[in-house]
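We did not get these values from a lab; they are worked out from the coordinates using the rules stated. Computed from a predicted structure; not experimentally measured. Here the Cβ positions follow ideal geometry from the backbone for every residue, glycine too, while neighbour counts run over all protein chains shown.
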Amino acid sequence: MVITKCPFCSYKETKVLETREVEGAIKRRRECEKCGKRFVTYERPSIDIVVIKKDGRREEFNREKILAGIKKACEKRPIGYDKIEKMVDKIEKDIRKTGQREIESSVIGEMVVKKLKKLDKVAYIRFASVYRSFEDIESFENEISSLKGVKK
């Protein structure tokens, strides 16, 4: 018996029905021993990675920040949440594969930009405009022209 709090009734005892490895995490299907409802938990290895920001500050790696940025860029686009989640999983896996304990935020940003460019051009432009700090219409035009393969 594993103690994991039920998200439905907050009972502290649940049992594991199935365990499987998925994208660098362990997925466990669980059942609450009180209310009988089933839910899924994910366990990811915890390796402390520090992100070096543009201004030199350092902060702990947080996959939720990547997820939030990609979700915002993909808002109102025909992109399923599962695709976004898989993209974030792949980016996190690539970061961990480097074996580095510190990574610059610009490296993470470029990983996101590359993946979004393949997934959806509009989401890519949205993310790139914030990430690359587009300051005028010309910046947007240049980026759109490069997507179309047109030189300005």
Calculated Rg and Dmax of the stretch 1-45 using C-alpha coordinates, Å: 10.4, 31
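Find out how many positive minus negative residues lie around Glu135, taking Lys and Arg as positive, Asp and Glu as negative, among other residues whose Cβ is under 15 Å from that of Glu135. Numbers along the way, then the final one.
Details: positive: Arg132; negative: Asp136, Glu138, Glu141, Glu143.
Local charge sum for Glu135: -3.
Going by how many other Cβ atoms sit within 10 Å of their own, how do Leu67, Leu116 line up, fewest first?
Ascending number of Cβ neighbours within 10 Å: Leu67, Leu116.
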- prompt: Considering only Val107, Ala128, Val16, whose Cα is most displaced toward the positive end of the charge dipole of the chain, charges sitting on Cβ of Lys, Arg (+1) and Asp, Glu (-1)?
  reply: Val16
- request: For the stretch 74-80, take each phi angle, set θ = phi - 60°, evaluate the Karplus expression 6.51 cos²θ - 1.76 cosθ + 1.60, and give the result in whole Hz per residue in order, putting x for glycine and proline.
  value: 8, 4, 6, 10, x, 10, x
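Quick one: dipole size for the stretch 66-114, taken about the Cα centre, charges +1 on Lys/Arg Cβ and -1 on Asp/Glu Cβ, in debye to the nearest 20. Walk me through the numbers on the way to the answer.
Values: 12 positive and 9 negative charges, 37 e Å.
That gives the stretch 66-114 a dipole magnitude of about 180 debye.
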- prompt: At 222 nm, what helix-only mean residue ellipticity would the chain give, in deg cm²/dmol to the nearest 500, using -39500 (n - 2.57) for each DSSP H run of four or more?
  reply: -14000 deg cm²/dmol
message: What are the ³J(HN,Hα) couplings of the stretch 8-15, residue after residue, when phi is run through the Karplus curve with 6.51, -1.76, 1.60 and θ = phi - 60°? Round to Hz, x for glycine and proline.
response: 8, 10, 6, 5, 8, 10, 9, 10
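Give me the net charge for the shell around Val40: Cβ to Cβ below 15 angstrom, other residues only, Lys and Arg +1, Asp and Glu -1.
On the way: positive: Lys5, Lys15, Arg20, Lys27, Arg28, Arg29, Arg30, Lys37, Arg38, Arg44; negative: Glu18, Glu21, Glu23, Glu31, Glu43, Asp82, Glu85, Asp89.
Taking every other residue near Val40 into account, the sum is +2.
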task: Express the C-alpha Rg of the stretch 42-135 as a ratio against the empirical globular expectation 2.2 N^0.38 Å, rounded to two decimals.
output: 1.07
- request: Please name which of Ser145, Cys35, Val88 has its Cα lying farthest along the dipole of the chain towards the positive end, using unit charges on Cβ (Lys, Arg +1; Asp, Glu -1) and the Cα centre as origin.
  value: Cys35
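What does the charge dipole of the chain about its Cα centre add up to, to the nearest 20 debye, if the Cβ of each Lys and Arg holds +1 and the Cβ of each Asp and Glu holds -1?
Dipole size: approximately 500 debye.
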message: Residue by residue through the stretch 20-34, what is 3J(HN,Hα) from phi via Karplus (6.51 cos²θ - 1.76 cosθ + 1.60, θ = phi - 60°)? Round to whole Hz and write x for glycine and proline.
response: 8, 8, 9, 6, x, 9, 10, 9, 10, 8, 10, 9, 6, 7, 9
task: Relative to the longest principal axis of the C-alpha atoms of the chain, give the angle of the C-alpha long axis of helix 63-73, reported between 0 and 90° and rounded to the nearest 10°.
output: 50 degrees
task: Assign unit charges at the C-beta atoms only (+1 for Lys and Arg, -1 for Asp and Glu), then state the dipole size of the stretch 86-152 relative to its Cα centre in Debye, rounded to the nearest 20.
output: 480 debye
message: Report the Cα centroid-to-centroid distance between the stretch 27-70 and the stretch 71-106 in angstrom, as an integer.
response: 12 Å
message: Below 8 Å, C-alpha to C-alpha, sequence gap of six or more: please give me the relative contact order for the chain in percent.
response: 15 percent
